[in-house]
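The values are calculated or read from the model by the stated rules, or taken from the named source; none is laboratory data. Just so it is clear, the structure is predicted and the values come from calculations on it, not from any experiment. Cβ sites come from the backbone with ideal geometry, for glycine too, and all protein chains shown count toward neighbours.
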Amino acid sequence: MLQQLKNRDMLSLLDYTSEEIEFLLQYAVKLKAKLHAGETVDILKGKTLGMIFEKHSTRTRISFEVGMQQLGGYGMFMNARDLQIGRGESVYDTGNVMSEYLDGIMIRANSHEMVKELAEHSSIPVINGLTDIFHPCQALADMLTMIEIKGNIKGLKIAYIGDGNNVAHSLMIAAAHLGLHGVVASPKGYEFAEELIPKVQAIAEQNGGSFTVTNDPIAAATDADAIYADVWTSMGQEEEAEQRLKDFKDYQINDALVSHAKDDYMFLHCLPAHREEEVTTSVIDGPNSHIFQQAGNRLHAQKAVLAAVMQ
């Protein structure tokens, strides 16, 4: 399987088979175990990952940089504003030039179309650290966390409640690959991308799961094994913040809403979180919350991706 993944881009989990997703998660488990056992894994010794950031980051930058170091390689931080691409150099030229210097690129960008273009014109693997449509590395960490807490997760119900955004898209694609029953509840006007719904449903059905969308947060939370939230206003949407607070007020993850979930439900959040907006402090800091283990698993899931595509 490693040979099959070598030099592959990681732009969207739609580009990977269910077997490949399962392999990456198993690989992440092994790499995490080796780290905790004190074993050195120099799979990427002598290799360099260029990390391009159009958007600010805490977890993405730290986890990729540390991940490369732990794999024996080097992660080079590059603010897009400091590169020629930020001054008008074409994506075509940037991709070709960077392929001469680097062994891989991770990019956290505004436009998924731009990242696709960069991958098209790069001879080295390109990893999506976040775009406006997808956040695949976050979703892998989410699934890894569920597996650690729940064991066999096939057939479990995961409810994402909030903005049907990039995080929701990748989360539900990953859940579909692993045979979960995924539900997204969003206010009208903020729903999951309509063009992705049949694709996610098809993957879910192939793996014995299901995928539905609704405007009813209670229906989504009912009998859920996991409840997931994201901020109501993401980077670049600050001018919409006041309206979004009004539109999402009935979608807060609070004690009343989670009472409809299973008693041992797990709460997940991709962070950063706005306590008392999308989630109450009682939930996010409560006994069912696994947000910091989830954040930590960004490191291990991404190490599996890095080791697989850059070896």
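Things worth noting here:
This table checks each residue for (1) hydrophobic (A, V, I, L, M, F, W, C); (2) closer than 28 Å to Thr60 by Cβ; (3) in contact with a Leu (Cβ under 9 Å, 6 or more places away or on another chain).
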position: Cys270; (1), (2), (3): yes, yes, yes
position: Ala273; (1), (2), (3): yes, yes, no
position: Ile284; (1), (2), (3): yes, yes, no
position: Asn288; (1), (2), (3): no, yes, no
position: Gln293; (1), (2), (3): no, yes, no
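- Contact map, segment 210-231: first residue over 14 Å from Val279 (Cα atoms), second residue of a type in the set (Ser, Thr, Tyr) and assigned to a strand (DSSP E or B), Cβ cut-off under 8 Å, separation 6 or more or different chains; pairs are Ala220/Tyr160; Ala220/Thr214.
- Close pairs from segment 156-174: first among the hydroxyl-bearing types (Ser, Thr, Tyr), partner part of a strand (DSSP E or B), Cβ under 7 Å, at least 6 apart: Tyr160/Val184; Tyr160/Tyr228
- Residues within segment 1-41 that are over 18 Å from the mean Cα position of the chain (by Cα) and under 30 Å from Asp82 (Cβ atoms), tallied: 1
- Only one entry of Ala241, Ala220 meets the criterion of being at pLDDT below 95 and either crowded, with 21+ Cβ neighbours inside 10 Å or hydrophobic (A, V, I, L, M, F, W, C) (or both), and that entry is Ala241.
- Per-region count, segment 250-289, residues more than 16 Å from Ser234 (Cα to Cα) and in contact with a His (Cβ under 9 Å, 6 or more places away or on another chain): 6
- Count of residues meeting criterion [in contact (Cβ under 8 Å) with a residue 60 or more places away in the chain, assigned to a loop (DSSP other than H, G, I, E, B) and not hydrophobic (A, V, I, L, M, F, W, C)] in segment 133-155: 1
- Residues of segment 59-78 that are over 17 Å from Leu140 (Cα atoms) and touching a residue at least 24 places away in the same chain (Cβ under 8 Å): Val66, Met68, Gln70, Leu71, Gly72, Gly73, Tyr74, Gly75, Met76, Phe77, Met78.
- Note on segment 37-89: residues that are over 20 Å from Tyr27 (Cα atoms), touching a Lys or Arg at 6+ places or on another chain (Cβ under 9 Å) and of a type in the set (S, T, N, Q) total 1.
- Of the helices (runs of 4 or more DSSP H) lying entirely inside segment 198-311, the ones with 1 or more residues being assigned by TED's automatic domain parsing to the domain that holds Tyr27 are found at 291-310.
- Screening His112 against (1) surrounded by 24 or more Cβ atoms within 10 Å (Cβ to Cβ); (2) touching a residue at least 60 places away in the same chain (Cβ under 8 Å) leaves a single unmet condition, (1).
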